1. Return the pair list, or none, for Cβ contacts closer than 7 Å from residues in the stretch 43-70 that are among the hydroxyl-bearing types (Ser, Thr, Tyr) to residues that are surrounded by 14 or more Cβ atoms within 10 Å (Cβ to Cβ) and not in a loop (DSSP other than H, G, I, E, B), at least 6 apart or on different chains.
2. Scan the stretch 22-36 and report the pairs whose first residue is without any contact (Cβ under 8 Å) to a residue 40 or more places away in the chain and whose second residue is loosely packed, with under 13 Cβ neighbours inside 10 Å, with Cβ atoms within less than 7 Å and a gap of 6+ or a chain change.
Amino acid sequence: MRAYIKQCGTLAVIAVTGACCLGLPLVLSAVIALGLGFMLNDLILVPLFYAALAVNVFLLYRRIPLHRSYAAIFIGLIGAVIAALMLWTPLAVVVYLGLLMVLGAGVLDLLLGGRTTHKT
């Protein structure tokens, strides 16, 4: 259960930092309303975004022995690379695609986690 909470937490951090880096007005105004306007600096957001992507891929990697499927790590890794590299281009749709792939990998990992293999 703790692994699920960690993974959902990193997905939330990725979503918020990615939305702030891309300049979504709804997320920006929510961050300012919470009193976290100082975090809208790219010197803080971009490393936080990359760190959250790395933590998420690491957590996906650690759960491979649980369900013995590499699908989630491959989808998450490809999505993380797309989101990380395309963050510096004006193609925000591609960054969203990468973030959706990371989110989908997290959901797939949660679904595969219920299908554990038990040794008797």
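Read the figures in this text as sums done on the coordinates, not as results from a lab. All values derive from a computational prediction rather than experimental measurement. All Cβ positions, glycine included, derive from the backbone under ideal geometry; neighbour counts span all protein chains shown.
1. From the stretch 43-70, the pairs are Tyr50/Ala84; Tyr61/Ile73; Ser69/Leu112; Tyr70/Ile64.
2. Listed by first residue and then by second, the contacts come to Val31/Gly37.
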